[in-house]
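Values in this text are rule-based calculations from the coordinates and carry no lab data. Note that the structure is a prediction, hence the values are computed from the model and not measured. Methodologically, a virtual Cβ is constructed for each residue, glycine included, from the backbone with ideal geometry; neighbour enumeration extends over all protein chains shown.
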């Protein structure tokens with residue numbers, strides 16, 4: 001039972017020297033930090049059509065780790081469009097050595113790193129091993145002030161707190177404390193903590209259609225005021241049919257390439273053959289993929305990946 005701030009610090013104590021990523025767990029008021037040992041890697045090469053979003057978040061992260069002023073970031077847009085994947089892919093570059101080989105589907109691929117200046121690389125060589133990530137469930141956002149107070153005291157590391165799928169109702173006032181923590185408090189924001197959040201909503205706070213016009217206007221101003229606490233706002237959008245099929249084609253190529261690398265596989269395809277075979281497979285399953293996206297009402301990288309998984313498993317769609 002927490003009686004004071006010291007109790008909270010003891011409850012969430014973890015060895016950050018050996019822990020690069022952790023999840024804040026709150027299960028019926030039983031609170032602890034869970035160390036992640038099996039990181040869900042996401043390759044930048046696999047995030048098609050998201051180059052501008054990746055560049056924005058990467059340059060902000062690079063500035064943060066270089067000791068420069070950086071911004072809290074909100075990644076908003078349609079579900080399944082790669083918001084969380086971009087966060088994971090960008091942070092993985094700095095959590096792990098840039099020459100580290102990332103395991104993927106049983107194989108190993110060299111990480112692609114975003115181009116940086118020589119000065120930036122020199123700065124990162126000093127600070128990259130000091131990045132730490134804490135994942136926070138959106139239902140536990142009320143703990144954010146306590147986490148800020150605790151983590152700001154650990155100046156040996158740079159912390160990114162990641163909150164996925166954040167949203168508030170217009171009658172939910174739990175976000176007011178969060179507003180002042182992000183900006184507007186007498187206390188200067190910590191120089192070793194950033195908040196990266198994702199949301200399906202651009203302004204985070206949803207409206208009630210039964211409100212009167214005056215209250216709607218007030219709620220809109222309140223919503224925009226809260227969203228302004230995330231100066232770096234990065235939008236994600238649903239795919240057109242062409243882009244959706246390009247993602248599917250990329251998945252097919254990766255699958256064939258991985259098969260060709262497996263020692264026990266009978267498939268040994270050259271790059272030209274992989275391209276040709278990938279196109280053949282796409283033509284065979286293209287209409288099924290389009291029907292699947294229409295059925296679930298979402299053309300996104302996630303829906304393309306889900307469809308291809310079902311296809312490989314032999315599920316009839």
Based on the Kirkwood radius over alpha-carbon pairs, what value in µm²/s does the Stokes-Einstein equation return for the translational diffusion coefficient of region 241-312 at 10 °C and 1.306 mPa s? 126 µm²/s
Which order results if 5, 236, 39 are arranged by neighbouring Cβ count within 10 Å, fewest first? 5, 39, 236
If you average the sequence gap of Cα pairs under 8 Å that are 6 or more apart and divide by the length of region 241-312, what percent do you get for the contact order? 43 percent
